[in-house]
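The values are calculated or read from the model by the stated rules, or taken from the named source; none is laboratory data. Just so we're clear, the structure is a prediction, and the values are computed from it rather than from any experiment. Please note: Cβ atoms are built from the backbone with ideal geometry, for glycine as well, and neighbour counts cover all protein chains shown.
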Amino acid sequence: MARRKLVYEGKAKILYEGPEPGTLVQYFKDDATAFNAQKKDVIEGKGVLNNRMSEFFMAGLAAVGVPTHFIRRLNMREQLIRSVEIIPLEVVVRNVAAGSLAKRLGLTEGEALPRPIVEFYLKDDKLGDPLVAEEHILAFGWAQQQDLDDMVSLALRVNDFLSGCMMAVGIKLVDFKIEIGRIWQDDFMRLILADEISPDSCRLWDIETGKKLDKDVFREDLGSLSEAYTEVARRLGVLPANSGPAVRPHLVN
Ligand code: TMP
């Protein structure tokens, strides 16, 4: 079989040229990184779980009218997506104080925020993805005012949907990060959700116990990341209730 053309390799995913123009194949790796890749490991089965969970969220979002890059899942580790021009900003939505916000503003982790807060970080590994203000975004032309308005409203719709999904399975959505891309159709540009939504890019706490079920388990050495992600997937119903941990991918259908 001819090798596919590699388009981009990131820390957790690889993009290959897709079968038709305007499409890409997104491959989910097992690699886990934190603190701008200063901490690294391979978590067997993580890519399989994230592929399934991202499919679950993106398909659910599409069903409630949020445009996404997801077309269909191809196999255990790959999905077909629309090719977009990624806006070089990470959009973070926060419902509860944690992580860098708690540190920056001296808040207690777990403190509810007065309302959801949307922040922008510049996607630049060399600079460690710094927090940026709308002023910087507009002045340097990373996005226009209309884009920013659309990004905030898209991010808040994703927050409503994801919070509901998680609440229904006993999980608190503390915060999450999304990436947004541009597509052009008949001379019109629109913004759609891109990248992935998975426990790699969210903070998820068990409502009853406060147990962390996201990448903080890896960042803070709290136990098995694979077990935490399997738990989230099982609760969401994307894995059969009695399947084993994802370290045995043949059990994951
Ligand atoms: P933070 O509190 O470290 O700024 O993270 C906010 C949210 O963004 C959290 O859900 C984790 C997610 N995130 C990523 O997806 N990628 C990153 O590189 C960082 C720093 C955070």
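Given 189, 151, which one is in contact (Cβ under 8 Å) with a residue 40 or more places away in the chain and more than 18 Å from residue 229 (Cα to Cα)?
After ruling out the rest, the residue left standing is 151.
Which is within 11 Å of the ligand (Cβ to nearest atom) and surrounded by fewer than 18 Cβ atoms within 10 Å (Cβ to Cβ), of 101, 127, 131, 122?
131
Collect the residues in the stretch 1-21 that are touching a residue at least 24 places away in the same chain (Cβ under 8 Å), under 22 Å from residue 126 (Cα atoms) and not hydrophobic (A, V, I, L, M, F, W, C), keeping them in residue-number order.
11, 13
Whether any residue in the stretch 168-190 is loosely packed, with under 12 Cβ neighbours inside 10 Å, within 12 Å of the ligand (Cβ to nearest atom) and not hydroxyl-bearing (Ser, Thr, Tyr) is what I want to check.
no
Only residues that are part of a strand (DSSP E or B), within 13 Å of the chain's Cα centre (by Cα) and more than 15 Å from residue 84 (Cβ to Cβ): list them for the stretch 1-38, please.
Correct list: 28 only.
Answer with yes or no whether residue 84 is under 22 Å from residue 152 (Cβ atoms), near the ligand (Cβ under 9 Å from one of its atoms), crowded, with 20+ Cβ neighbours inside 10 Å and among the hydrophobic types (A, V, I, L, M, F, W, C).
It is false that residue 84 is under 22 Å from residue 152 (Cβ atoms), near the ligand (Cβ under 9 Å from one of its atoms), crowded, with 20+ Cβ neighbours inside 10 Å and among the hydrophobic types (A, V, I, L, M, F, W, C).
Here is a yes/no grid of residues against (1) of a type outside the set (Gly, Ala, Ser); (2) without any contact (Cβ under 8 Å) to a residue 60 or more places away in the chain; (3) assigned to a loop (DSSP other than H, G, I, E, B); (4) farther than 27 Å from residue 155 by Cβ:
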position: 40; (1), (2), (3), (4): yes, yes, no, yes
position: 47; (1), (2), (3), (4): no, yes, no, no
position: 57; (1), (2), (3), (4): yes, no, no, no
position: 60; (1), (2), (3), (4): no, no, no, no
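Considering only the stretch 203-241, how many residues are within 12 Å of the ligand (Cβ to nearest atom) and of a type in the set (D, E, K, R)?
Going through the stretch 203-241 one residue at a time, the tally reaches 7.
I'd like to check something: does the stretch 46-54 contain any residue that is among the β-branched types (Val, Ile, Thr), more than 16 Å from the ligand (Cβ to nearest atom), more than 23 Å from residue 162 (Cβ to Cβ) and at pLDDT 95 or above?
No, there is no match, as no residue in the stretch 46-54 is among the β-branched types (Val, Ile, Thr), more than 16 Å from the ligand (Cβ to nearest atom), more than 23 Å from residue 162 (Cβ to Cβ) and at pLDDT 95 or above.
Tally up the residues in the stretch 22-49 that are in contact with a Ser or Thr (Cβ under 8 Å, 6 or more places away or on another chain) and closer than 30 Å to residue 185 by Cβ, please.
So the answer is 4.
Please find, within the stretch 92-112, the residue that is farthest from residue 147 (Cα to Cα) out of those that are out of contact with any Leu (no Cβ under 8 Å at 6 or more places or on another chain) and in a strand (DSSP E or B).
112
Suppose the filter is crowded, with 21+ Cβ neighbours inside 10 Å and either within 16 Å of the ligand (Cβ to nearest atom) or of a type in the set (Phe, Trp, Tyr) (or both); does residue 200 pass it?
When the stated conditions are applied, residue 200 passes them.
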